[in-house]
Amino acid sequence: MNNSQQRGAHSVPASRPTERSQARRAELLAIGRKLFADTSYDALSMDDIARSAGVAKGLIYYYFTNKRGYYLAIIEDAVAELVVRATSGRDLPRLERVHRTIEGYLRYAQHHQAAFRTIVSGGVGHDEQVLAIHDRVRDQLLTAIAEGAWGRTDVPALARTALVGWLSSVEGVTLDWLSRPGELSREEVRELLTRTLRGTLQVIEGFDPALPAPPESEEPGPAGGGR
């Protein structure tokens, strides 16, 4: 078998990945999430990763180029899942969508704590690429909140800044909640964040009446119960 035949036997064209290659890549990402949840980035070598995954090291290089590429792919995968969870239910009434966004965010953070902490903290030593991923997911969540509150995403700078401030507090509250298991239920934290969001929207309305806060009587009831 010549070199070109060997490459063809072991590689998949990047433009047309097979279902098997996609499944293999997803499997490696799932393994990586668990590895980086228990061990720091610097403490894990490619040999360690390959041994834990039960694959040849070359396979990881094939899919992700190097350890950094693997690490960033894991974060990207975690971010994609967080956004899907937090922005689901676009067919729901707008206020209920806001509520669903907060519930999805907390549910993801609770069940994927290592990935959530990495996203929020900025990765290894405040990695610029991880911070860029964090900024992107924040923008997507802010868009979901704005759509739910006002049915629009082209909000003025002051409204956006206020929502950024609220989401920063969400990150802090969520990290504190995760660090104190059992003290508060997810439902209690969700209600706290919903009420502080309502307060933020009322402040925004005070500055810009064109962005009215939803009436409290229209607030949806509790949803998504259970821990």
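Each reported figure results from applying straightforward, stated rules to the coordinates on display, with no laboratory input. From a predicted model like this one, the values you see are computed outputs, not experimental measurements. A quick note on method: Cβ atoms are made from the backbone with ideal geometry, for glycine too, and the neighbour counts reach across all protein chains shown.
At a glance:
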| read-out | value |
| --- | --- |
| Simple spin-label estimate for Thr18 and Ala132 in nanometres, 7 Å along Cα-Cβ | 3.3 nm |
| Calculated P(r) tail over 22 Å for the range 49-153, as whole % of Cα pairs | 42 percent |
| Difference of contour (0.36 nm per residue) and Cα-Cα distance, Asn66 to Ser168 | 33.5 nm |
| Principal axis box of the range 76-218, alpha-carbon based, largest edge first, Å | 42, 34, 27 |
| Charge-dipole axis of the range 90-207 as Lys and Arg at +1 and Asp and Glu at -1 on Cβ define it, positive-most pick from Trp150, Val137, Val164 | Trp150 |
| Relative contact order %, the range 76-218, counting alpha carbon pairs below 8 Å whose residues are six or more apart | 24 percent |
| The range 87-182: trypsin sites (Lys or Arg not before Pro) falling in loop per DSSP and having at most 16 other Cβ within 10 Å | Arg90, Arg152 |
